[in-house]
Amino acid sequence: MMSLNKRILFSATGVLLVFIVGIALALDRAFYDSARLGVQDRMLARLLMLMGDAEVDDDGKLEMPTNLLDTEFSRPNANTYGFIVNHTEKVVWQSTSALNKKLPELRLLEKGSKDFSQIVISGESFFLYRFGVAWTTETGSYPLTFNVITDTALFDAQIERYREDLWGWLSVMAVLLLVTQMLVLRWGLQPMRQVSIELSAIESGKQENVVGNYPSELKLLTDSINSLINHERKQQKRYRNALADLAHSLKTPLAILHNAATVQQNKPEEKTVREQIERMDNIIQYQLRRAATAGSSPGMRPVYLLPVADRIIKTVCKAHHDKNPEITIAIDNTINLRIDEGDLMELLGNLIDNAFKWCDRQIVLSAERHQKQIVIQVKDDGPGIPQHEITRILERGVRADQSIPGHGIGLAIVKDIIQVYGGDLSIEQNPPRGACITIYLDVK
């Protein structure tokens, strides 16, 4: 899932861009309408000046002076020109600037009517302003329509220049706002990043609790995290202490029963009693070790594999002093696991002890990184484990009293520890003879 920082940044950026585009379109439309209204006002002014120059005699004949008030009409090829239409919709006068220019459709407007529009003549765009009047003389009323036309080149250039400036400045403002927004978000989310850093440090074992000073909105969260971590540690400690007390409590009654069964050697039930006492002892030891498995937890420090392996091998060598096999250790000193050290010693101890029991002359202990896993192998050159017994020990639900003959509860404990840490176990033959036990543990 996308990080909170990116989610806020992307959503705020999207809103900002929509807002800026909306402002740009609104300003562009407002300026366009204002510029168009300005063109309309200027054309109306010229049309009124043209009307001021016009005269109609008693016969209804239109007379226009040579020198007009607006000199733009007197310049040939000017961008603005005018003409006047009479009641028969014929041109009765046109300005000098209208020479050699095509006129739009002629139309007579009613008295007082105005019409401002944008038209196309010969593929070019123009503004047209019409104004209808009824010229009154002593002899009658004569309807006329005054027309003023100007091209849109100046208007289009003004709009284009405005849009360039508008989008340019808005782009600069958008960049500045985005940078400011990123800095504000970075500052605002700094406490959350700090919490994440501290949680990573707790997970890696560098610190035990969240210790930073945080805003009130995060204070409840950090306090709850610390409370859960402390509760889990205290609970685990109480659990292990209770299991240790249980082990000591059961050890004495079992020893008494064992001695009592031994004393009564002539009794036919003695063998059965001793077998059941031994079976009970194995089950209790298995369940106690299984329950004592710590599993992964916050604040667990990485344990380097090589020193633990060396320590276990030295201890097992003393226990099996009658054997002196060739031991090969192929473990890089940088390989470590985020696992409880007691669990690791229990796991490797059982595997190495079994290898010592069954080997002839050679034991190989190796470990390597493979993608996101640590692969540990223990090989020996003993008789190996029959295939049907390998299948049985790897089945789900195998109990301690169903463990592989000769291996006690060791492999059952190993399997349970690996399952707690989400790993996997495989047992194979080690050519030409012997057993190869492989453990797969995820790197965290």
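The values are calculated or read from the model by the stated rules, or taken from the named source; none is laboratory data. Keep in mind it's a predicted model, so treat the numbers as computed, not measured. All Cβ positions, glycine included, derive from the backbone under ideal geometry; neighbour counts span all protein chains shown. Keep in mind that these areas ignore ligands, DNA and RNA; they rest on the heavy atoms of the full protein, side chains included. Shrake-Rupley method; radii C 1.70, N 1.55, O 1.52, S 1.80 Å.
See the values below:
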| read-out | value |
| --- | --- |
| Extreme residue, most open to solvent (accessible area, probe 1.4 Å), among residues of the stretch 193-219 that are over 30 Å from LEU337 (Cβ atoms) and in a helix (DSSP H, G or I) | GLU217 |
| Given (1) open to solvent by less than 30 Å² (accessible area, probe 1.4 Å); (2) under 30 Å from ALA12 (Cα atoms); (3) of a type outside the set (A, V, I, L, M, F, W, C), index of the condition GLY132 fails | (2) |
| Cross-chain or 6+ apart pairs with Cβ under 7 Å, the stretch 37-58 first and more than 12 Å from ASN147 (Cα to Cα), then part of a helix (DSSP H, G or I) and open to solvent by less than 60 Å² (accessible area, probe 1.4 Å) | VAL39/PHE155 |
| Some residue of the stretch 116-131 being at positive phi and touching a Lys or Arg at 6+ places or on another chain (Cβ under 7 Å) | yes |
| Subset of the stretch 17-36 that is touching a helix residue (DSSP H, G or I) at 6+ places or on another chain (Cβ under 6 Å) and within 30 Å of ARG186 (Cα to Cα) - its residue that is most open to solvent (accessible area, probe 1.4 Å) | ILE20 |
| Residue identified as surrounded by 13 or more Cβ atoms within 10 Å (Cβ to Cβ), modelled with pLDDT of 85 or more and either β-branched (Val, Ile, Thr) or closer than 15 Å to LEU344 by Cα (or both) among ILE413, ILE393, ILE409, ILE418 | ILE418 |
| Test: residue in the stretch 156-178 that is under 30 Å from LEU221 (Cβ atoms) and either in contact (Cβ under 8 Å) with a residue 60 or more places away in the chain or not assigned by the TED database to the domain that holds LEU109 (or both) | yes |
| Whichever residue in the stretch 65-84 is open to solvent by less than 40 Å² (accessible area, probe 1.4 Å) and either in contact with a strand residue (DSSP E or B) (Cβ under 7 Å, 6 or more places away or on another chain) or assigned to a helix (DSSP H, G or I) (or both) and, among such residues, is nearest to GLY112 (Cα to Cα) | ILE84 |
| Candidate set: the stretch 86-101, residues that are farther than 18 Å from ILE121 by Cα and in a strand (DSSP E or B); chosen: the one most open to solvent (accessible area, probe 1.4 Å) | VAL92 |
| Filter pass, VAL39 being β-branched (Val, Ile, Thr), open to solvent by 70 Å² or more (accessible area, probe 1.4 Å) and out of contact with any Leu (no Cβ under 8 Å at 6 or more places or on another chain) | no |
| Set VAL179, VAL148: member being open to solvent by less than 70 Å² (accessible area, probe 1.4 Å) and either farther than 15 Å from VAL21 by Cβ or not acidic (Asp, Glu) (or both) | VAL148 |
| Residue count, the stretch 1-60 (criterion: modelled with pLDDT under 90, of a type outside the set (A, V, I, L, M, F, W, C) and either under 30 Å from VAL133 (Cβ atoms) or outside any helix (DSSP H, G or I) (or both)) | 5 |
| Given (1) open to solvent by less than 30 Å² (accessible area, probe 1.4 Å); (2) within 22 Å of ILE437 (Cα to Cα); (3) modelled with pLDDT of 65 or more, index of the condition ILE277 fails | (2) |
| The stretch 121-167, residues that are within 23 Å of ARG29 (Cα to Cα) and assigned to a strand (DSSP E or B) | GLU124, SER125, PHE126, PHE127, LEU128, TYR129, THR150, ASP151 |
| Within the stretch 337-381, tally of residues that are of a type outside the set (A, V, I, L, M), buried (at least 16 other Cβ atoms within 10 Å of the Cβ) and farther than 20 Å from LYS415 by Cα | 3 |
